[in-house]
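The values are calculated or read from the model by the stated rules, or taken from the named source; none is laboratory data. As the structure is a prediction and not an experimental result, all values here were calculated from the model. Reconstructed Cβ throughout: ideal geometry from the backbone, glycine too, with neighbour counts over all protein chains shown.
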Amino acid sequence: MRLNKLILTSELAHFKNGINGKNQNTYGSPPLSTIVGILKNIYGEDISDFIFGYTCEYKKKFKDASTIYKEINIDVAQKSKRFTLDICFIEYLVNPKITIYTNIDRQPTIQEILNLGKTNCLAKCKFESDILNKEANIGYNQWTPLNVGNGVIERINKETKYNSIKGCYDYYTMFARLNREFESEYTIESIQEGIQLWNYKGVGDIECYQENI
């Protein structure tokens, strides 16, 4: 099967792991929600019923100490200054390269600026194609279902969608493993590496793809 191949590169990437505000760690590979968001940005919000898989490489991780300025509600805290500041530590992936494979058959129409997790992590995208084969192989640094590999199990977002009625975001989550290495049923021909495929059916509805190609 021939797939579209999207190669995203940047100087930095940050895919927030956890809810700690002062110590913001990053996943070593973006959660599914990030990839779905990128694909909807590139191909349109109305895409559905497609398959995708992706890999993530980076040079190293580092933490940046950042100053955060906050405005205080002086009506509540009358003795406080209007502005206060704090220090937080944000972990980044250095020189990340995310390669997405998908069967979406549509011309790209990028809607907004591409970034890798944070607005200051601007990304460039290169469009190519590749061949997917139904062959067993080893995959690296990818999220997989619970029955694949032996990586640590974590709850991750599979899609984030703004709810205009509630005025906030709806988060669709799932349990998955982040495997350094795992056995895959599918192989990307050009790199001879395994790939975990996912089937996006609609908002919040993503399953492991296990069909013939």
- Message: I'm trying to understand the selection: among the residues of the stretch 107-154, which are exposed (fewer than 10 other Cβ atoms within 10 Å of the Cβ) and among the charged types (D, E, K, R)?
- Response: Glu112, Lys124
- Message: So, in the stretch 1-50, how many residues would count as being in contact with a Cys (Cβ under 6 Å, 6 or more places away or on another chain) and on the phi > 0 side of the Ramachandran plot?
- Response: 0
- Mind telling me which of the residues Lys81, Lys118, Lys97, Lys134 ends up being farther than 17 Å from Phe15 by Cβ, out of contact with any Gly (no Cβ under 8 Å at 6 or more places or on another chain), touching a residue at least 40 places away in the same chain (Cβ under 8 Å) and among the basic types (Lys, Arg)? Lys134
- Is it the case that Glu159 is surrounded by 11 or more Cβ atoms within 10 Å (Cβ to Cβ), touching a residue at least 24 places away in the same chain (Cβ under 8 Å) and farther than 18 Å from Val36 by Cα? no
- Matching residues in the stretch 54-94 - criterion: being of a type in the set (A, V, I, L, M, F, W, C) and either assigned to a strand (DSSP E or B) or modelled with pLDDT of 85 or more (or both): Cys56, Phe62, Ala65, Ile68, Phe83, Leu85, Ile87, Cys88, Phe89, Ile90, Leu93, Val94
- If Lys118 passes every condition in (1) among the basic types (Lys, Arg); (2) within 16 Å of the chain's Cα centre (by Cα); (3) in a strand (DSSP E or B) but one, which one does it miss? (3)
- Message: Just to be sure before I move on: is Gly204 surrounded by 13 or more Cβ atoms within 10 Å (Cβ to Cβ) and modelled with pLDDT of 95 or more in the structure I sent?
- Response: no
- Note on the structure: Condition set in contact (Cβ under 8 Å) with a residue 60 or more places away in the chain and in a strand (DSSP E or B), scope the stretch 177-204, selection farthest from Val36 (Cα to Cα): answer is Glu193
- Among the residues of the stretch 13-50, write down those that are within 19 Å of Phe175 (Cα to Cα) and in a strand (DSSP E or B). Lys16, Asn17, Asn25, Thr26
